[in-house]
Amino acid sequence: MRLTELERREYMNYVTRFDFRPYVQDKTVLVTGSKGIMGQGVIKWLLLLNELHGTNTRIIALTRDSERLPDYIESGDSIRYESIDKPIYITGGGIDMNYIIHAACPTSNKVFMSQPVESLEVILHGTENMLLLAKESGARMVYLSSEEA
């Protein structure tokens, strides 16, 4: 994984202050909103834990465009990008997930103002789907929200 000097310094500061290794060692984490600022932050943190401590955390990153990888991803990173359109995420698809980090949400104030009901429906239905998936798969879920949601 490629990080800027500033990113590496800030993530290293966090990794050295808080030891999450026992929680993510050999686990699978599904991250929604994987290309948003919050989802990317979680992914970079998990990849850094893999790099520094060999935690063997497997990451499944949900996105609208699974063919276009972010430029910080390198071959060998333990991450798999999947399209949100695949039915695997409604049924679990047999994936043994330990955690779901739900960070997907519309973030445009313009959209919120022009389509408030539709925006809330997207947030509610997406969260409901992830809660159902967590229940079905036995995973624990964390919901991350920007100020908009």
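For LEU52, the conditions (1) hydrophobic (A, V, I, L, M, F, W, C); (2) buried (at least 16 other Cβ atoms within 10 Å of the Cβ); (3) closer than 20 Å to LEU3 by Cβ all hold with the exception of (2). Among the residues of the stretch 8-35, the ones that are in a loop (DSSP other than H, G, I, E, B) and either open to solvent by 70 Å² or more (accessible area, probe 1.4 Å) or more than 11 Å from ALA61 (Cβ to Cβ) (or both) come to 6 in all.
Out of curiosity, is LEU69 touching a strand residue (DSSP E or B) at 6+ places or on another chain (Cβ under 7 Å) and at pLDDT 85 or above?
Yes; evaluated as a whole, the condition is true for this residue.
For the criterion of being closer than 20 Å to LYS135 by Cα and open to solvent by 40 Å² or more (accessible area, probe 1.4 Å), ASP96 passes. Do we find a residue being closer than 23 Å to LEU49 by Cα, modelled with pLDDT of 90 or more and open to solvent by 70 Å² or more (accessible area, probe 1.4 Å) anywhere in the stretch 78-91? Yes, that holds for at least one residue.
Scanning the stretch 60-69 turns up no residue that is crowded, with 17+ Cβ neighbours inside 10 Å, basic (Lys, Arg) and within 14 Å of the chain's Cα centre (by Cα). The single condition from (1) within 19 Å of SER145 (Cα to Cα); (2) open to solvent by 90 Å² or more (accessible area, probe 1.4 Å); (3) touching a residue at least 60 places away in the same chain (Cβ under 8 Å) that ARG2 fails is (1). Within the stretch 23-43, is even one residue more than 14 Å from the chain's Cα centre (by Cα), of a type outside the set (S, T, N, Q) and at pLDDT 95 or above? Scanning the stretch 23-43, I find at least one residue that is more than 14 Å from the chain's Cα centre (by Cα), of a type outside the set (S, T, N, Q) and at pLDDT 95 or above, so the answer is yes. Cβ-Cβ contacts under 9 Å between residues 6 or more apart (or on different chains), taken from a first residue in the stretch 65-76 that is of a type in the set (A, V, I, L, M) to a second residue that is open to solvent by 100 Å² or more (accessible area, probe 1.4 Å), are listed as ILE73/ARG2.
The values are calculated or read from the model by the stated rules, or taken from the named source; none is laboratory data. It should be emphasised that the depicted structure is a prediction, and the values quoted were computed from it without experimental measurement. Cβ sites come from the backbone with ideal geometry, for glycine too, and all protein chains shown count toward neighbours. Surface accessibility is based on the protein's heavy atoms, side chains included, excluding ligands, DNA and RNA. Shrake-Rupley method; radii C 1.70, N 1.55, O 1.52, S 1.80 Å.
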